[in-house]
1. Name the one entry in Leu108, Leu48, Leu94 that is modelled with pLDDT of 85 or more, in contact with an Asp or Glu (Cβ under 9 Å, 6 or more places away or on another chain) and assigned by TED's automatic domain parsing to the domain that holds Pro242.
2. Answer yes if at least one residue in region 29-38 is assigned to a strand (DSSP E or B) and touching a residue at least 24 places away in the same chain (Cβ under 8 Å), and no otherwise.
3. Of the residues in region 29-53, how many are more than 16 Å from Thr235 (Cβ to Cβ) and either of a type in the set (Lys, Arg) or touching a Ser or Thr at 6+ places or on another chain (Cβ under 6 Å) (or both)?
4. Would you mind stating whether Glu36 is surrounded by fewer than 24 Cβ atoms within 10 Å (Cβ to Cβ) and in the same structural domain as Pro216 (by TED's automatic domain parsing)?
5. Filtering region 225-251 down to residues that are farther than 21 Å from Tyr13 by Cα and either out of contact with any strand residue (DSSP E or B) (no Cβ under 6 Å at 6 or more places or on another chain) or in a strand (DSSP E or B) (or both), which residue is modelled with the lowest pLDDT?
6. When you scan region 47-112 for strands (runs of 3 or more DSSP E) that lie fully inside it, which ones turn up with 2 or more residues that are within 30 Å of Arg20 (Cα to Cα) and out of contact with any Leu (no Cβ under 6 Å at 6 or more places or on another chain)?
7. Name the pairs: first residue in region 51-78 and on the phi > 0 side of the Ramachandran plot, second residue modelled with pLDDT under 80 and outside any loop (DSSP other than H, G, I, E, B), Cβ to Cβ under 8 Å, at least 6 apart or on different chains?
8. In region 22-29, is there at least one residue being modelled with pLDDT under 90, of a type in the set (Phe, Trp, Tyr) and buried (at least 22 other Cβ atoms within 10 Å of the Cβ)?
Amino acid sequence: MTRIVVRGSLVSYPYGETLRNAYLYLEGGKVRARGEEPAPPEHSYADLVVGGEGRLVVPGIVVGKVQPVLHPFQHILENPSLVGKLEDLIDCGLAEKASLLTFSELALSGVSLAGIQGPYTECAKRAAERVGIQAQVVGEARIFEPGGRAAGQGFALGLGVRISYDPRSLAVETARLLGVEEAARALFRREALGFEPYAVPGPGDVVVLRPRTPQPIRAERLHYALLGGIFVVETLIVDGEPVVDGDELLTLDTAELEEAAREVGEALDQVEG
């Protein structure tokens with residue numbers, strides 16, 4: 001297992017217990033130590049050192065409901081005349097390729113755990129494993145639900161609220177209705193359908209965020225900063241292993257993602273042709 005040290009950052013892990021100029025030490029898939037700098041010698045050396053001044057360290061983000069197979073086909077789901085073609089075309093192989101694109105996007109947005117719904121959930125789970133994030137099946141579904149509505153055109157991010165596919169775009173209205181602190185905390189809990197209430201991400205799931213602005217973030221403003229989309233995901237660690245670092249996905253090479261995008265693009269051409 002990789003030994004990782006997060007150095008010199010504003011650490012809010014577990015969420016709500018904030019330490020300034022602090023470190024985290026991960027070994028054996030878990031956070032083993034945290035505290036204020038300087039770290040003791042036994043927690044100072046590792047295979048990977050991340051973080052730094054101005055970074056914010058939080059638990060992995062939890063997404064309550066995702067339909068990873070359907071995400072790349074969102075605009076087709078809005079056209080009932082094309083949905084039947086799509087349903088006939090999708091098989092497990094294409095489902096895995098589409099899910100690779102979805103989970104790669106989620107990983108680059110700091111998501112470490114996703115609750116997934118069908119179709120082809122087992123194929124989607126394989127894609128999640130390849131990307132390196134955790135997926136738990138919370139329901140099977142056809143592309144069309146019994147009522148005739150297209151399923152899975154968005155997903156809920158721990159709040160039961162439909163948003164776009166970037167967790168950083170969480171609606172300000174949601175924050176206002178729930179209270180900013182409560183909304184921010186919900187990013188790190190399995191509160192949506194399919195998860196036990198108030199369970200937390202894995203003990204080795206950590207996100208290092210880099211602010212888009214050079215101004216320092218005060219601890220009492222963290223809730224607003226998290227919901228305001230002013231952070232870039234610099235590093236994602238899942239189960240104690242790096243998945244994203246330097247804003248780049250480490251688990252899949254560019255060729256794999258390009259192949260997945262090509263196959264999904266060909267499928268779209270067939271459906272829309």
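1. The match here is Leu48.
2. Going residue by residue through region 29-38, those that are assigned to a strand (DSSP E or B) are 30-36.
Still in the running and touching a residue at least 24 places away in the same chain (Cβ under 8 Å): 30-31.
Looking for residues that are assigned to a strand (DSSP E or B) and touching a residue at least 24 places away in the same chain (Cβ under 8 Å), one finds at least one in region 29-38, hence yes.
3. Matching residues across region 29-53 total 2.
4. Values: surrounded by fewer than 24 Cβ atoms within 10 Å (Cβ to Cβ): yes; in the same structural domain as Pro216 (by TED's automatic domain parsing): yes.
Considered against the rule, which asks whether it is surrounded by fewer than 24 Cβ atoms within 10 Å (Cβ to Cβ) and in the same structural domain as Pro216 (by TED's automatic domain parsing), Glu36 comes out as yes.
5. The first filter runs over region 225-251 and keeps only residues farther than 21 Å from Tyr13 by Cα, leaving 248-251.
The next check asks that each one be either out of contact with any strand residue (DSSP E or B) (no Cβ under 6 Å at 6 or more places or on another chain) or in a strand (DSSP E or B) (or both); those that pass are 248-249.
Working: Glu248: 92, Leu249: 95.
Checked region 225-251; the qualifying residue modelled with the lowest pLDDT is Glu248.
6. Working: elements: 48-51, 56-59, 61-66.
Once the strands (runs of 3 or more DSSP E) in region 47-112 are filtered for at least 2 residues that are within 30 Å of Arg20 (Cα to Cα) and out of contact with any Leu (no Cβ under 6 Å at 6 or more places or on another chain), what remains is 48-51, 56-59.
7. Pairs found: none.
8. Looking for residues that are modelled with pLDDT under 90, of a type in the set (Phe, Trp, Tyr) and buried (at least 22 other Cβ atoms within 10 Å of the Cβ), one finds none in region 22-29, hence no.
The values are calculated or read from the model by the stated rules, or taken from the named source; none is laboratory data. Please read all numbers here as calculations on a predicted model, not as lab measurements. For neighbour counting, all protein chains shown are included, and Cβ atoms are generated from backbone atoms with ideal geometry for every residue, glycine included.
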